[in-house]
Amino acid sequence: MMGVGDAIRLRQAGLRVTAARLAILQTVRNGDHLDVETIHRGVCDRVGQVSLQAVYDSLNALQRGGLLRRIEPAGSPTRYEARVGDNHHHLVCRECGRVTDVDCAVGHAPCLEPVSNAGFLVDEADVIYWGICPGCRSVTAEVAGPV
């Protein structure tokens, strides 16, 4: 069931309330750093046929409105999440592409203040930690066998 809260949040962001936007918010909230194709399938399952372009357009509007966050790990498809406004960071598995949230590394937002800001007023840090997730590490250990 789509929440009344989402409709209110859309209006507060200056966006029209549509079934597709409500379905996108619900799909992203119920998922885990979903790519656009997965979001599109989830929206179609919820509300019927919606064009991929309409999903892209809505995702961009929802991101600009501060309701979703877009992350773009190098070599991986763009992903979206509903956790916004807390300046958290991400862990990305080099093997399977799994993305996991990790809280800010140090201090107050924007976290990890640069040594020199070159005159910029820094308001956000976007840190991605790369490594191998526990699932892929256990598969690698099984394939390698005992040492």
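Rundown of residues vs (1) at pLDDT 90 or above; (2) within 15 Å of the chain's Cα centre (by Cα), yes/no style:
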residue	(1), (2)
HIS40	yes, yes
ALA74	no, yes
GLU95	yes, no
PRO110	no, no
GLU113	no, no
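Here LEU91, LEU67, LEU25 are screened, and the one residue that is in the same structural domain as CYS136 (by TED's automatic domain parsing) and among the hydrophobic types (A, V, I, L, M, F, W, C) is LEU91.
The single residue among LEU91, LEU15 that is touching a Ser or Thr at 6+ places or on another chain (Cβ under 6 Å) and either closer than 30 Å to VAL139 by Cβ or part of a loop (DSSP other than H, G, I, E, B) (or both) turns out to be LEU91.
The values are calculated or read from the model by the stated rules, or taken from the named source; none is laboratory data. Predicted model, so just to flag it, every value in this text is computed and none were measured. All Cβ positions, even for glycine, are placed from backbone atoms using ideal geometry, and neighbour counts span all protein chains on display.
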